[in-house]
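Below is one structure, written out as structure tokens, with a few remarks after it.
The values are calculated or read from the model by the stated rules, or taken from the named source; none is laboratory data. Note that this is a predicted model, so its numbers are computed, not measured. Positions of Cβ are generated from backbone atoms using ideal geometry, with glycine treated the same way; all protein chains shown enter the neighbour counts.
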Amino acid sequence: MSRKHSDREHSRLALQIRISYLFLLIPIVLFLIYIFYNLWQTNERYETMLNSVVSASEFSLDFKNDYDYETYLLIVGNKTPEDSELPSLLREARRVVIGLEQYTDTDSNRKRLESAAKYLDNLETYHERILTNLEQEDRYEENMVIWENDVQIVTTLVQETINEYIYYENRELQTAQEENRAHVLRIMRISIVIFAALVLSIIFISIFVPISITEPIEQQVRAEQRQLRKAEFELLQAQINPHFLYNTLDAIVWSAEAGNQKQVIQMVGSLSDFFRTSLNRGKEIVTVREDLQHVRSYLEIQQVRYRDILDYEILVPEELFAYRVPKITLQPLVENALYHGIKNKRGGGKITLRGHEDKNAFYIEVSDDGIGMTEERLESVRKGLSEQSPAEQELYGLYNVNERIRLNFGDEYGLQIASEYEKGTVVVVRLPKILTEIVENPTENKSK
């Protein structure tokens, strides 16, 4: 009898332990379900936003150049309507615009996509009018008017609309990052409340389990935030104005037609060096020597186009050539000096690159004697560089260079800007003294 009672007591105790385990397990299971559901929901949102940006990036940066050039070839008779690529360019552009409609959930970007679709409809209408005029022999001038006054303007609007779409989608990504961070903090608070409510026997677990759960989440969020910021800067870098290539090719054509063979050879060589250095086998960090060669190729091309207003000089000492810089650091600064400094000043001017070093860092200075900036404008530019995203599109180049330097080497490095109206502007790049040999072969360098 006693044994039966003992067995019943043992069974009852075992059942109570199982029930206790179950009651302890249910909050944990519910909490894990809550975490996984929210992580899944967050990842779905990230994936949707990233798909939107990636799909928008499929829109060719050369769409305007390609479409304008194909239209010109059709008008002048170098291509027949059957050989023209205009229909395929329009189809591809429509495919990207239609695909983007399923990703964006903001009214402003939906309106941009509607505008892009209308612009594409206009381009199709202009194409049909050109084809109709081609069937008649005396409509050449009318077609050229359509090309210059209609087609080129609308292709510019299409390109700018897609670029604006990408920019505002990237801003949504930044907002999502902040919301995700707040969401993680909410999860941490809930985890503390849930585990604090459990029995004293699992207090030790209730202290460390939330930490073991939240630490990987925080590390993942920080890694995703860094990766997303790098992706954003690469997209902004990809928005480089395609007019440079278009205008350079035009200049080469003009030189060829004028019979200036040496100039054609020089410009083709400079353009080849420019893009070879830009690609650079996918390397993101290059030597000062390589980045200066990239700038030199750019300036050689621009000096042909702006021979009457542009002069330049590169005075960076060879002692700095082996140090490392992020790829395409100096060219945006030189481009900014040309377009916002030299071109806005009567009589032209000069761009000068200098360099020096101290104990902890080295410096490259890009100066111009162009129009310069007022104190108010200089303060606005400095403020734009310190913000998360510049409010002005013309600051993208400087902002991108500054942020890539800070991401790669730390916040103590980057750009410093000084300017005086009607006297010129100086941009100084501060970088750590990292030698090629130290990065690529530290053992060999140490032995030396």
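Filtering the stretch 395-418 to residues that are touching a helix residue (DSSP H, G or I) at 6+ places or on another chain (Cβ under 7 Å) and either part of a helix (DSSP H, G or I) or surrounded by 22 or more Cβ atoms within 10 Å (Cβ to Cβ) (or both) leaves Leu395, Tyr396, Gly397, Leu398, Tyr399, Asn400, Val401, Asn402, Glu403, Arg404, Leu407. Across the stretch 74-84, the qualifying residues are those that are surrounded by fewer than 16 Cβ atoms within 10 Å (Cβ to Cβ) and free of Cβ contacts under 8 Å to residues at least 24 places away in the same chain, and the one among them that is nearest to the chain's Cα centre (by Cα) is Asp83.
When each of Thr161, Thr175 is tested for being surrounded by 20 or more Cβ atoms within 10 Å (Cβ to Cβ), without any contact (Cβ under 8 Å) to a residue 60 or more places away in the chain and under 23 Å from the mean Cα position of the chain (by Cα), the lone residue that passes is Thr161.
Of all the listed residues (Asp105, Asp121), the sole one being modelled with pLDDT of 85 or more, in the same structural domain as Asn163 (by TED's automatic domain parsing) and of a type outside the set (Phe, Trp, Tyr) is Asp121.
Within the stretch 133-154, the set of residues being part of a helix (DSSP H, G or I), out of contact with any Leu (no Cβ under 8 Å at 6 or more places or on another chain) and not hydroxyl-bearing (Ser, Thr, Tyr) comprises Asn133, Glu141, Glu142, Met144, Val145, Ile146, Trp147, Glu148, Asn149, Asp150, Gln152, Ile153. At least 1 residues being of a type outside the set (Val, Ile, Thr) and touching a residue at least 60 places away in the same chain (Cβ under 8 Å) is the threshold, and among the strands (runs of 3 or more DSSP E) wholly inside the stretch 300-358 those reaching it are 324-326, 349-357.
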